[in-house]
Amino acid sequence: MTDAHAHRDDWTAREELAERMIPLIGSLKRERDVVTSLHGHRLLGLSATGIVEVHDRVAQLGHAALPLDDTLAVLEALHALAPGSSSLDVARLAEEAASDGRPIAEYLREAIAPAMGAVAAEPTDVVLYGFGRIGRLLARILIAHTGGGSGLRLRAIVVRRGSENDLVKRASLLLHDSVHGRFAGSVTVDEDAEQIVANGTRIQVIYSDDPASIDYTAYGIRDAIVVDNTGRWRDEAGLSQHLASTGVARVLLTAPGKGALKNIVHGINHDTIELGDRILSAASCTTNAITPVLAAIDEAYGVVKGHVETVHSFTNDQNLIDNFHRGDRRGRSAVLNMVITETGAAKAVAKALPQLEGRLTGSAIRVPTPDVSLAVLHLTIERPATKDQLNDYLRRVSLHSRLRQQIDYVESPEVVSTDFVGSHRAGIVDGLATIADDDTVILYVWYDNEFGYSCQVIRVLETMAGSHPIVLPTRREVTLEA
C-alpha cells in the first residue's frame, strides 16, 4: 500500500469514528442539556470532518494527541450515565481516567457521576427587548440551547412595528445573516398568533414602545428576565421601567451601564451577582474582550498602567454615507473611512477589576469591516516578561484556567479578522503579534464584537437564572510557572 493510500485509509477511519459521535453529542444536548467540548472547543453542531479537525487543532496547541476512539468511548459512557445539565470536557475526562488507571466507563460512573446528578432548574422565561444585531444573535443561541427542560427559555421579543409585513421581515432577518450565515434550522411565522417559530420554539412578537405597559402574563410569561438590547436606557432609573410591566422579575442591559449599575463581565465578577439584583449590565463587547486578559496579566505580572486602542468594526449608529450625526466624526461614511472616536471600555474595566481603577486610558478607531474587532493593549507591568514566557502563560490560561470560556489563544502567520467570526470566546490573544520587552508588553486581542459578546451575555443570563451548567472536570488554577 502506498503512503497516500495509507493516509487516506487513516483519514477515512477517523472520519467514521467522528460520524458515530454526532448522534451521541446531539442526544446528550437535546435530552440531557449536556454540552460537550474538547479542551474548550465545542463539539455540538460539528460535522464529522469538523470533529476530526478539532482533535488535530488541540494537539497543535500543545495537548497530548487524543485518539478519536477515546473520545467516542467517553461519549458512549456519558450517554449511558444520562448525566444532568452540565458542560463536560471530553478530553480532560479521558486524561483523568487514564491517569487514574481505570477504564473510562468505570471512572465516569464512580468518580464523576455523583457530581453530575444535579437537580435540573426550573426554566426561566427570557424576553428580548429589541431585535437588532445582538438581539437576533441572542435568539439564535437561546434557541440552540433549548432542550432538557431546564435553563433559559426564549418566550418573546418586543419591537416597534415597522411595516405591515413586520413579522415576516423579523423572521427573515433571524433566518438570514450576512455576517454569521443562515440560521441552522427552520424559521416560519404564525401570523394569527403573531409568533415566530424557530426549530419548534414559539417566540411571541409583542409590538410596543413603552417598556412599562406590557402585560407579559397575558402571553403566559412570568418572572421573566428582560434583556434590553436597545441601549435607549443605560441607568437604573430608565431600565426600571421594565419592572413596571407585569411578569418581569429582572432586567439585563447589553451595553455599558451608567451610575451605580453593576457591570458584569462573566468570568471576572459574575460571582457578585446577588438574588436582590434586579437590574444588571453585561458591559460592552470591548470590556468583555479585554478585562479577562488584563485580569490574567495583572495576576501574573502586575499591571502598573496601560493604554487600550481598539480597532472596531463599524456599528449601526454610524452613517453609511456622509450625513449629520450628533456624535463627532460618526456622521462620515462608515464603509469608506477609518473614524477616530471615543471608547469608555478602558474606564469600564475598573467596574469589574477595581484594582485597575485609574490605571488605563483608551481610544478607538472604527474601520470599514462589519464584524470582529481588535484591541491593542500597551501595558507597563511590575515583573519583567519575555515573549515566550508570556505567550506560554496565556496559552495555558486559555486551555485550563477559570477564564477558559473568556480567553482563547492562537498562533498562526495567516489569521485575519474574518477567521474569528463566530468565536464563542470573549477575546482571542494573537500570540505571534505579542511584544514583550522587560516591563513593557503589547498584546493584540481579537474579538467577535457580536457573537463572542452575545455568548458572554448568555453566561450572565445563566448566572442570573441559576442555570449555569456544572463544569466538569473542575478548571485548574494556572500560574506563571508551568
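The values are calculated or read from the model by the stated rules, or taken from the named source; none is laboratory data. In this text the structure is predicted, and so the values were computed from the model without any measurement. Ideal geometry is used to build each Cβ from the backbone, glycine not excepted, and the neighbour counts take in all protein chains shown.
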- Look through Ala65, Ala91, Ala77 and report the one residue that is within 30 Å of Val410 (Cα to Cα), touching a residue at least 24 places away in the same chain (Cβ under 8 Å) and either among the polar types (S, T, N, Q) or touching a helix residue (DSSP H, G or I) at 6+ places or on another chain (Cβ under 8 Å) (or both). Ala91
- Message: List the strands (runs of 3 or more DSSP E) inside segment 293-382, counting only whole elements, that have at least 1 residues being of a type in the set (A, V, I, L, M) and free of Cβ contacts under 8 Å to residues at least 40 places away in the same chain.
- Response: 339-341
- Task: Would you mind stating whether Arg366 is charged (D, E, K, R) and touching a helix residue (DSSP H, G or I) at 6+ places or on another chain (Cβ under 9 Å)?
- Result: no
- Looking at segment 279-290, is at least one residue at positive phi, crowded, with 16+ Cβ neighbours inside 10 Å and in contact (Cβ under 8 Å) with a residue 40 or more places away in the chain? yes
- Note on the structure: The helices (runs of 4 or more DSSP H) lying entirely within segment 27-107 that contain at least 1 residues which are within 30 Å of Glu122 (Cβ to Cβ) are 68-81, 90-100
- Query: If you check Thr440, Thr418, which single one turns out to be surrounded by fewer than 18 Cβ atoms within 10 Å (Cβ to Cβ), assigned to a strand (DSSP E or B), touching a residue at least 40 places away in the same chain (Cβ under 8 Å) and not assigned by TED's automatic domain parsing to the domain that holds Asp223?
  - Reply: Thr440
- Query: Out of segment 44-86, which residues are polar (S, T, N, Q) and modelled with pLDDT of 85 or more?
  - Reply: Ser47, Thr49, Thr71
- Could you grab me the full set of residues in segment 345-380 that are acidic (Asp, Glu) and out of contact with any strand residue (DSSP E or B) (no Cβ under 6 Å at 6 or more places or on another chain)? Glu357
- Filter the strands (runs of 3 or more DSSP E) completely within segment 220-285 down to those with at least 1 residues that are of a type outside the set (Ser, Thr, Tyr) and under 18 Å from Ala156 (Cα atoms). 224-228, 248-253
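Yes or no, residue by residue, for (1) closer than 15 Å to Pro370 by Cβ; (2) at pLDDT 95 or above; (3) of a type in the set (Asp, Glu):
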{"residue": "Ile297", "(1), (2), (3)": "no, yes, no"}
{"residue": "Gly306", "(1), (2), (3)": "no, yes, no"}
{"residue": "Glu309", "(1), (2), (3)": "no, yes, yes"}
{"residue": "His312", "(1), (2), (3)": "yes, yes, no"}
{"residue": "Thr315", "(1), (2), (3)": "yes, no, no"}
{"residue": "Gly327", "(1), (2), (3)": "no, no, no"}
{"residue": "Gly331", "(1), (2), (3)": "no, no, no"}
- In this structure, does Leu360 turn out to be in contact with a helix residue (DSSP H, G or I) (Cβ under 8 Å, 6 or more places away or on another chain), at pLDDT 95 or above, more than 30 Å from Asn316 (Cα to Cα) and not small (Gly, Ala, Ser)? no
- Kindly establish whether Val168 is in the same structural domain as Gly220 (by TED's automatic domain parsing), touching an Asp or Glu at 6+ places or on another chain (Cβ under 7 Å) and over 21 Å from Gly220 (Cβ atoms). no
- Message: Just to be sure I understand, how many residues within segment 439-481 are modelled with pLDDT under 95 and either in contact with a Cys (Cβ under 6 Å, 6 or more places away or on another chain) or over 27 Å from Thr36 (Cβ atoms) (or both)?
- Response: 3
